[in-house]
Every structure is written in C-alpha cells, then in structure tokens.
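S.K.: Can you keep this structure in mind? I'll have questions shortly.
The values are calculated or read from the model by the stated rules, or taken from the named source; none is laboratory data. The structure displayed is predicted, hence computed values, not measured ones. Note that we place each Cβ from the backbone using ideal geometry, even for glycine, and neighbour counts take in every protein chain shown. Heads up: the accessible areas ignore ligands, DNA and RNA and are worked out on the full protein's heavy atoms, side chains in. Shrake-Rupley method; radii C 1.70, N 1.55, O 1.52, S 1.80 Å.
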Amino acid sequence: MIIVMNHDATDAQIGSVVNKIRDFGLDANISRGTERTVIGAIGDERKLDPEMFDSLSGVEYSMHIVKQYKIVSRESHKHDSIIDAGGVPIGGNRIQIIGGPCSVETPEQMDLSAQYVSAAGGRLMRGGAFKPRTSPYTFQGNGEEGLKMFREAADKYKLRIVTELMDARMLDTFLKYDVDVIQIGTRSMQNFELLKEVGRINKPVILKRGMSATISEWLMAAEYIAAGGNHNIIFCERGIRTFETAYRNVLDVTCIPVLKKETHLPVIVDPSHAGGKAWMVPALARAAIAAGADGLLVEMHPNPCEAWCDADQALNPQEFESLMGSLKGIAEVIGRSL
Ligand code: PEP
Ligand code: MN
C-alpha cells in the first residue's frame with residue numbers, strides 16, 4: 001500500500017502514518033520527493049485498507065498496490081485449476097454443459113429432464129429446489145422434497161447435481177442428499193456468512209456473479225470461500241444489469257478473458273438468465289465458448305410452456321441437443337472437446 005501525503009504535510013503527520021503502519025506489523029519506507037512525500041507499507045498489506053489512512057491529517061490519498069484476493073488469484077497459482085465435481089472435471093480441456101430445468105417440479109419432470117440431459121451427452125444437471133423469487137407469492141421451490149426428487153432422477157442417469165443454496169441452515173440437508181455442486185446465486189454473491197459456510201466444506205461451489213457486481217467484488221467473494229479452506233470454486237457469469245431493457249441482462253463476454261487472466265479457477269457462463277429468452281440462448285452460448293468459457297449452465301425443460309419458473313428462457317430437449325452439437329464444432333476449432 002502506498003500513502004501519498006499532502007504537499008504541506010508536516011513531519012508529525014508523516015510520523016503518525018508511519019506509526020499506524022508499524023502498529024499492524026509492517027515496515028514503512030519514506031520517500032521524500034520535491035512535491036510530495038510518499039510512504040510505502042512493506043509487508044502483507046492485505047491487513048491494511050485505504051480507509052485507515054485517508055482520514056488521517058496530512059494524507060492526500062492511499063491505495064493498494066497488490067490485489068486484495070490472494071488464493072483465487074493467478075499470481076498465487078499459475079496453472080488452470082480443474083475442479084472435481086463428483087468425478088466430472090470442470091476446467092481443463094473439456095467443456096462441461098450443465099443442463100436442466102430452472103426448478104425441480106415433479107418426479108416425472110425431473111426424470112424426463114435427466115433423460116434428455118444424459119441423451120444429449122451432459123454429465124451434470126441443474127435444477128433449483130430452493131428458488132430465490134422476486135415475489136414472495138410465486139413458487140418458492142419444493143425444498144427438501146425437491147432435493148430428493150433431483151437426487152433420484154440424477155442417480156438413475158448417472159448425472160451429478162448442481163443446485164442453489166440460499167440459506168446456510170440447509171447445508172446439512174444438501175450434504176445429506178450429496179449435492180455434487182453447490183450453486184450460490186446472483187442474489188447471494190455477497191452474503192458473506194453464506195460464503196464462509198460453504199468455505200468450510202469441500203464441495204465444489206458455483207459462484208454466480210452478483211447482477212451489479214464488479215469483477216473485483218466477485219473475486220473477493222470467491223476469496224471469502226477460499227479463505228475458509230474450500231478452493232473448489234467455479235465462477236459463473238449470468239449477465240449484469242445495465243440501462244438496456246431489450247433483454248433480461250447483458251451477458252458480459254468480456255469478463256471471460258479478464259477472469260481467465262486474474263484467476264486460475266474455471267469460468268462458466270449461464271446464457272439463459274442473461275438473455276432471458278430461449279431464442280437468444282444458442283447465440284450467447286456459442287459466444288461464451290468461443291471466448292474461452294469452461295462450460296455452460298443452461299435451462300432446459302421437457303415442456304417449456306409448462307415450466308413453473310422461467311418458462312420463456314428454457315430450451316426444449318431438441319433445442320438443447322442441437323445446441324450441444326453446434327458447440328462441439330466450436331470446441332474443436334479452439335482445440336477443446338465437449
Ligand atoms: C438459477 O440459476 O436458478 C438462478 C436463480 O440464477 P441467478 O442466481 O443467476 O438469477
Ligand atoms: Mn431460472
């Protein structure tokens with residue numbers, strides 16, 4: 001961290017900044033220029049924050065010089081990490097497509113969904129048993145009963161399950177049904193207590209981007225999970241909020257190469273919640289894979305018109321299958337496989 005002093009800062013003011021740095025166990029290096037004095041904090045500066053210095057008299061501004069995230073950063077781990085999702089690798093050469101309905105509805109719907117995901121070549125299936133709905137009066141998910149239905153359908157077709165955790169109190173129930181990948185939704189990305197809880201276990205976590213979160217906030221949210229000991233994290237871009245109203249969210253394709261540079265962890269994309277319409281999903285999905293995403297989270301329903309949740313954006317099984325086919329071609333061109 002460096003602290004830039006005002007041009008007329010006194011020796012006493014410089015001294016109090018130095019003392020504050022030393023109080024946190026770091027060394028201070030004072031560099032006196034002709035216009036300004038700049039003080040550098042030497043040591044693990046993550047303990048420090050600009051807020052600690054900006055309010056001191058004589059300080060013009062202060063700033064970090066190293067990244068605030070550590071475990072998830074590529075600086076700390078050069079090679080791409082591959083996450084083991086119940087025996088299925090996420091990251092690395094192989095692209096994984098996670099398909100399934102927005103929500104777990106009935107045993108029949110889950111059985112059919114699993115059958116279609118498996119027939120299309122999918123190894124992981126999505127489906128929400130606990131749904132974060134905007135209105136408290138709409139379907140909130142089948143809860144534990146939904147997890148049971150999901151587990152049974154997935155086991156029959158040897159699929160791994162991906163489902164959203166909204167409340168840390170349900171974590172034991174998730175473990176009871178051996179959820180393979182825990183999804184943290186966009187609305188929970190900065191629920192730090194929830195992040196700390198999933199940080200204590202060793203199940204893979206898909207961390208969706210908060211709908212208005214910056215990349216740095218997203219990386220810091222991942223660091224919360226990693227700091228607890230769980231490094232099995234997968235980033236998922238699902239569209240961000242902008243001034244545009246022609247579609248549900250704006251898919252931030254740019255974040256894919258940026259995250260790939262900043263972190264060693266896999267990055268997947270949810271084109272369904274980005275576009276919000278089924279017809280947009282194939283184009284967004286292809287763009288994501290071409291831009292380097294390690295996988296997709298796609299909503300697919302055996303009968304979209306009858307879906308209890310997000311009916312507009314669900315692909316039907318045929319559309320899902322044909323998407324898988326078109327992605328294979330893109331994967332080959334970029335030297336990957338599906
Ligand atoms: C979901 O994937 O089921 C979901 C609710 O997505 P998001 O958190 O991105 O809105
Ligand atoms: Mn949905």
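S.K.: When residues of the stretch 100-123 are filtered for being over 20 Å from M166 (Cα atoms) and within 16 Å of ligand 2 (Cβ to nearest atom), how many remain? Working first, answer last.
M.R.: As a first pass, look at the stretch 100-123 and keep what is over 20 Å from M166 (Cα atoms): 106-123.
Okay, now just the ones that are also within 16 Å of ligand 2 (Cβ to nearest atom), so 109-110, 113, 117.
Summing the residues that are over 20 Å from M166 (Cα atoms) and within 16 Å of ligand 2 (Cβ to nearest atom) in the stretch 100-123 gives 4.
S.K.: What number of residues within the stretch 184-198 satisfy the criterion of being under 27 Å from A153 (Cβ atoms), within 14 Å of ligand 1 (Cβ to nearest atom), open to solvent by 10 Å² or more (accessible area, probe 1.4 Å) and not hydroxyl-bearing (S, T, Y)?
M.R.: Number of matching residues: 1.
S.K.: Could I ask something else about it? Of the residues E332, E321, E237, which single one is at pLDDT 95 or above and over 28 Å from G141 (Cα atoms)?
M.R.: Numbers: E321 fails: over 28 Å from G141 (Cα atoms); E237 fails: over 28 Å from G141 (Cα atoms).
E332 is the lone residue from the list that is at pLDDT 95 or above and over 28 Å from G141 (Cα atoms).
S.K.: Here's something else I'd like to know. Being loosely packed, with under 13 Cβ neighbours inside 10 Å and under 18 Å from P304 (Cα atoms) is the filter here; which residues of the stretch 127-138 pass it? Before the answer, list the steps.
M.R.: Applying the first criterion (loosely packed, with under 13 Cβ neighbours inside 10 Å) to the stretch 127-138 yields 134-138.
T138, the sole residue that qualifies.
S.K.: Check every one of the strands (runs of 3 or more DSSP E) wholly within the stretch 151-222 and list those with 3 or more residues that are of a type in the set (A, V, I, L, M, F, W, C). Give the steps one after another, and end with the answer.
M.R.: Details: elements: 160-164, 181-184, 205-208.
Here the list reads 181-184, 205-208.
S.K.: So which residues in the stretch 89-108 are within 15 Å of ligand 1 (Cβ to nearest atom) and either without any contact (Cβ under 8 Å) to a residue 60 or more places away in the chain or more than 19 Å from I206 (Cβ to Cβ) (or both)?
M.R.: If we filter the stretch 89-108 for residues that are within 15 Å of ligand 1 (Cβ to nearest atom), which is where we start, we get 97-105.
Selection gives V104, E105.
S.K.: Let me ask something else about it. So which of A168, A154 ends up being within 28 Å of L327 (Cβ to Cβ) and either within 14 Å of ligand 1 (Cβ to nearest atom) or modelled with pLDDT of 95 or more (or both)?
M.R.: Values: A168 fails: within 28 Å of L327 (Cβ to Cβ).
Only one candidate passes the filter, namely A154.
S.K.: Continuing with the same structure: Go through the stretch 109-134 and give me each residue that's more than 16 Å from ligand 1 (Cβ to nearest atom) and within 17 Å of E319 (Cα to Cα).
M.R.: Filtering the stretch 109-134 down to residues more than 16 Å from ligand 1 (Cβ to nearest atom) leaves 111-112, 114-116, 118-121, 123.
Hits for the stretch 109-134 are L112, A114, Q115, Y116, S118, A119, A120, G121.
S.K.: Additional query: Does at least one position in the stretch 240-248 carry a residue that is touching a residue at least 12 places away in the same chain (Cβ under 8 Å) and either under 26 Å from R94 (Cα atoms) or surrounded by 23 or more Cβ atoms within 10 Å (Cβ to Cβ) (or both)? First the steps, then the outcome.
M.R.: We begin by selecting, within the stretch 240-248, every residue touching a residue at least 12 places away in the same chain (Cβ under 8 Å); these are 240-241, 247-248.
Narrowing further to those that are either under 26 Å from R94 (Cα atoms) or surrounded by 23 or more Cβ atoms within 10 Å (Cβ to Cβ) (or both): none.
Within the stretch 240-248 (the criterion being touching a residue at least 12 places away in the same chain (Cβ under 8 Å) and either under 26 Å from R94 (Cα atoms) or surrounded by 23 or more Cβ atoms within 10 Å (Cβ to Cβ) (or both)), the answer is no, since none of the residues qualifies.
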